[in-house]
Amino acid sequence: MTERVEPLPLAARSDGDWPAGAAGTVPPAAAADASAAPDGADRSLLEDLEALYADGRTYLSAEIAFQQSRAAYVGARAKSVAIFGAAAALLALLALIGLTVGLIITLAPLIGPLGATLLVVAVLLIVAALCARRAIRALRAVSGAFAAGKGKP
């Protein structure tokens with residue numbers, strides 16, 4: 001559904017030079033002139049620069065306030081991330097200790113308490129060594145990327 005737009009009232013004109021049927025409407029050229037700010041031509045370059053400077057200061061202060069509130073939000077969330085992350089890591093460690101003790105107790109009747117302890121510790125040390133090798137490889141790749149970037153802008 002389209003709305004009907006009422007024509008703008010005709011401004012007083014000294015020349016009655018209008019086409020037929022155009023009474024009560026503003027010609028497009030006059031409408032364009034009416035949309036321009038009446039003080040636009042009267043403003044000087046200095047006034048425009050002052051307005052630009054004031055707008056820039058307003059934008060800068062708004063941006064600084066936004067970044068400060070964003071940093072405060074991130075800081076508050078980082079504290080909860082650290083607390084809950086540490087709690088999760090501690091609980092996971094306790095679960096792994098329980099699993100290790102459970103494995104030793106479960107294997108003790110089959111291969112004896114000493115054999116079960118040695119087997120579980122050996123498997124854990126092998127997994128730890130594999131993880132350490134992988135971490136060292138990743139560390140070398142990262143330090144290699146930084147070393148390759150030396151001397152380049």
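A compact table of results
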| quantity | calculated |
| --- | --- |
| Selected residue (criterion: surrounded by the fewest Cβ atoms within 10 Å (Cβ to Cβ)) from residues of the stretch 126-153 that are at pLDDT below 85 and of a type in the set (Gly, Ala, Ser) | GLY151 |
| Test: residue in the stretch 77-100 that is more than 22 Å from the chain's Cα centre (by Cα), in contact (Cβ under 8 Å) with a residue 12 or more places away in the chain, surrounded by 10 or more Cβ atoms within 10 Å (Cβ to Cβ) and part of a helix (DSSP H, G or I) | yes |
| Selection from the stretch 106-149 of residues that are farther than 22 Å from LEU93 by Cβ and hydroxyl-bearing (Ser, Thr, Tyr) | SER143 |
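The values are calculated or read from the model by the stated rules, or taken from the named source; none is laboratory data. This one's a predicted model, so the numbers in the text were calculated from it and none came from an experiment. Cβ atoms come from the backbone with ideal geometry, glycine included; neighbour counts cover every protein chain shown.
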